[in-house]
1. Among ARG47, ARG26, which comes first, second and so on when ranked by fewest other beta-carbon atoms within 10 Å?
2. Show the residues, 5+ positions off or on another chain, whose built amide H is closer than 5 Å to the amide H of ALA92.
3. Suppose each label sits 7 Å from its Cα in the direction of the beta carbon; what would the HIS35-LEU57 distance come out to in nanometres?
4. Please list, in chain and number order, the residues 5+ apart from VAL63 or on another chain whose amide H is under 5 Å from its amide H, with Hs placed from the backbone.
5. Quick check of the Kirkwood formula: for segment 38-83, what is the inverse mean of 1/r over all pairs of different Cα atoms, in Å?
6. Kindly write out, for segment 45-61 in residue order, the coupling ³J(HN,Hα) from the Karplus curve 6.51 cos²θ - 1.76 cosθ + 1.60 (θ = phi - 60°), rounded to whole Hz, with x marking Gly and Pro.
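Laboratory data are not the source of any read-out in this text; all were calculated from the coordinates shown. Because the structure is a prediction, the values reported are computed rather than measured. All Cβ positions, even for glycine, are placed from backbone atoms using ideal geometry, and neighbour counts span all protein chains on display.
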Amino acid sequence: MRELGMHASSGRPLALVTGGSSGIGRELARQFALHGFDLVIGGSSDRVEEAAAALRLNGAAVVPVRSDLATYDGVEAAWKAVQETGRPLAAAALNAGIGGDRATRRAAVRNKFLPERVKTHRQAQMARPS
Ligand SMILES: NC(=O)c1ccc[n+]([C@@H]2O[C@H](COP(=O)([O-])OP(=O)(O)OC[C@H]3O[C@@H](n4cnc5c(N)ncnc54)[C@H](OP(=O)(O)O)[C@@H]3O)[C@@H](O)[C@H]2O)c1
């Protein structure tokens, strides 16, 4: 098991929220926690640790994963964190990406900051039931 408190026998369902460290993903993660889910949350910065600590105050066991989902290795790391819980994934919110207005997001994709092929390939795998 990756983290204390992440026991298969807890009876709580497990959710993955990519981009759970801020914005929409952070609120999604909070809602999962309030509705009885344990969590694996991802983010690209150290904000993910702070978000995990806040979510634990809602009674959830939370595994934070800091990795860059624009890379193959980063996606693999996120998926490995899910697998290391030893628990089936009940829900996945594949939310990580570029926030901001439409122009900002388009520019980021145009600059290949987030190669969608990498993101889509492994996220499709994450979305399959365990
Ligand atoms: N806000 C909008 O109006 C809007 C409109 C349409 C679509 N969306 C989409 O909704 C999603 C969330 O938007 P938001 O406004 O909540 O954005 P946000 O506040 O900027 O949050 C983005 C989240 O994604 C994570 N992230 C970004 N790039 C990453 C990477 N390469 N690897 C791993 N994690 C990464 C960030 O992690 P860190 O914080 O740790 O860096 C953060 O947790 C995005 O996919 C966005 O494209 C948003």
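1. ARG47, ARG26
2. LEU16
3. 2.2 nm
4. For VAL63, the qualifying residues are LEU39, VAL40, ILE41.
5. Computed over segment 38-83, the radius equals 10.6 Å.
6. 10, 6, 4, 5, 5, 5, 5, 4, 4, 5, 5, 4, 5, 8, x, 8, 7
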